[in-house]
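Asker: First, the structure itself, so that you have it in front of you.
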Amino acid sequence: MIGTLEHAATPSRSAGAQTPPTIPALPLQPGKLYLRLYHGRATPDEQMEDWGSDGPVIGPLASIHVTYTCHLKFAAAPDVMERFFPEVMAQWQASGVSNGHGPLCDWQFNVIDDLIEYGGILYGDWSTFLADDHAAR
């Protein structure tokens, strides 16, 4: 398992808000790896009449690793973790966990019924990309 916080054996939804957290967009860094979440919904069985909500563009990331669409793991610098996962970083730092001090932090998303959970929203689609000069503007 990546990271040092314990995960429940059976994935469960966060007790957090039902709307994605508002994270002000920063310019993308050319040549860096990002993860984009979209097609968000509140529950796995929600009937979608459209594409659902757009999620965040998370990054830059050092790496992404997917295992059978059951585990979506990634590594990022501490400042990226602070920006997108502040509660996790606060818990790591309060507990003195070395993963919170970098140079890279390893973490993984909960995957529930083939959906990626972030901020209380479940995302059915995701993409990875390297930012180019045009996207970075």
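Asker: Any idea which residue in segment 113-127 is farthest from Thr43 (Cα to Cα), counting only those that are open to solvent by 20 Å² or more (accessible area, probe 1.4 Å) and of a type outside the set (Ser, Thr, Tyr)?
Answerer: Here is the first cut: in segment 113-127, the ones open to solvent by 20 Å² or more (accessible area, probe 1.4 Å) are 113-114, 119, 124-127.
Filter once more, so that each one left must be of a type outside the set (Ser, Thr, Tyr): 113-114, 119, 124-126.
Values: Asp113: 10, Asp114: 12, Gly119: 13, Gly124: 11, Asp125: 14, Trp126: 17 Å.
Out of the qualifying residues, it is Trp126.
Asker: If you don't mind, there's one more thing I want to ask. Tell me which residues, restricted to segment 21-32, are open to solvent by 60 Å² or more (accessible area, probe 1.4 Å) and either of a type in the set (Ser, Thr, Tyr) or farther than 25 Å from Glu87 by Cα (or both).
Answerer: Scanning segment 21-32 gives Thr22, Pro30.
Asker: Also, I was wondering about something else. Among the residues that make up segment 108-115, is at least one of them in contact with a strand residue (DSSP E or B) (Cβ under 6 Å, 6 or more places away or on another chain) and either in a loop (DSSP other than H, G, I, E, B) or among the basic types (Lys, Arg) (or both)?
Answerer: Within segment 108-115, one or more residues are in contact with a strand residue (DSSP E or B) (Cβ under 6 Å, 6 or more places away or on another chain) and either in a loop (DSSP other than H, G, I, E, B) or among the basic types (Lys, Arg) (or both).
Asker: Which residue pairs have Cβ atoms under 6 Å apart, sit 6 or more places apart or on different chains, and have a first residue in segment 107-132 that is without any contact (Cβ under 8 Å) to a residue 24 or more places away in the chain and a second that is of a type in the set (Lys, Arg) and part of a strand (DSSP E or B)?
Answerer: From segment 107-132, no pairs qualify.
Asker: Quick check on Trp92: is it among the aromatic types (Phe, Trp, Tyr), open to solvent by less than 40 Å² (accessible area, probe 1.4 Å), farther than 26 Å from Gly31 by Cβ and out of contact with any Lys or Arg (no Cβ under 7 Å at 6 or more places or on another chain)? Explain how you work it out, then say what you get.
Answerer: Working: among the aromatic types (Phe, Trp, Tyr): yes; open to solvent by less than 40 Å² (accessible area, probe 1.4 Å): yes; farther than 26 Å from Gly31 by Cβ: yes; out of contact with any Lys or Arg (no Cβ under 7 Å at 6 or more places or on another chain): yes.
Yes.
Asker: Please go through segment 33-61 and pick out each residue that is surrounded by 15 or more Cβ atoms within 10 Å (Cβ to Cβ), more than 21 Å from Cys105 (Cβ to Cβ) and of a type in the set (Phe, Trp, Tyr).
Answerer: If the condition is that a residue be surrounded by 15 or more Cβ atoms within 10 Å (Cβ to Cβ), more than 21 Å from Cys105 (Cβ to Cβ) and of a type in the set (Phe, Trp, Tyr), then Tyr38 is the only one that fits.
Asker: Quick one: would you say Ile64 is assigned to a loop (DSSP other than H, G, I, E, B), open to solvent by 30 Å² or more (accessible area, probe 1.4 Å) and out of contact with any His (no Cβ under 9 Å at 6 or more places or on another chain)?
Answerer: Working: assigned to a loop (DSSP other than H, G, I, E, B): no; open to solvent by 30 Å² or more (accessible area, probe 1.4 Å): yes; out of contact with any His (no Cβ under 9 Å at 6 or more places or on another chain): yes.
It is false that Ile64 is assigned to a loop (DSSP other than H, G, I, E, B), open to solvent by 30 Å² or more (accessible area, probe 1.4 Å) and out of contact with any His (no Cβ under 9 Å at 6 or more places or on another chain).
Asker: While we're on this one: Can you confirm whether segment 114-131 contains a residue that is under 19 Å from Leu28 (Cβ atoms) and aliphatic (A, V, I, L, M)?
Answerer: yes
Asker: Which count do you get for residues in segment 55-83 that are of a type in the set (Phe, Trp, Tyr) and at pLDDT below 90?
Answerer: Step one: of segment 55-83, the residues of a type in the set (Phe, Trp, Tyr) are 68, 74.
Next cut, at pLDDT below 90 only: 68.
Count: 1.
The values are calculated or read from the model by the stated rules, or taken from the named source; none is laboratory data. Keep in mind that what you see is a predicted model, and the values were worked out from it rather than measured. Here the Cβ is made from the backbone with ideal geometry for all residues, glycine too, and neighbour counts use every protein chain on show. In case anyone asks, the SASA skips ligands and DNA or RNA and just uses the protein heavy atoms, side chains included. Shrake-Rupley method; radii C 1.70, N 1.55, O 1.52, S 1.80 Å.
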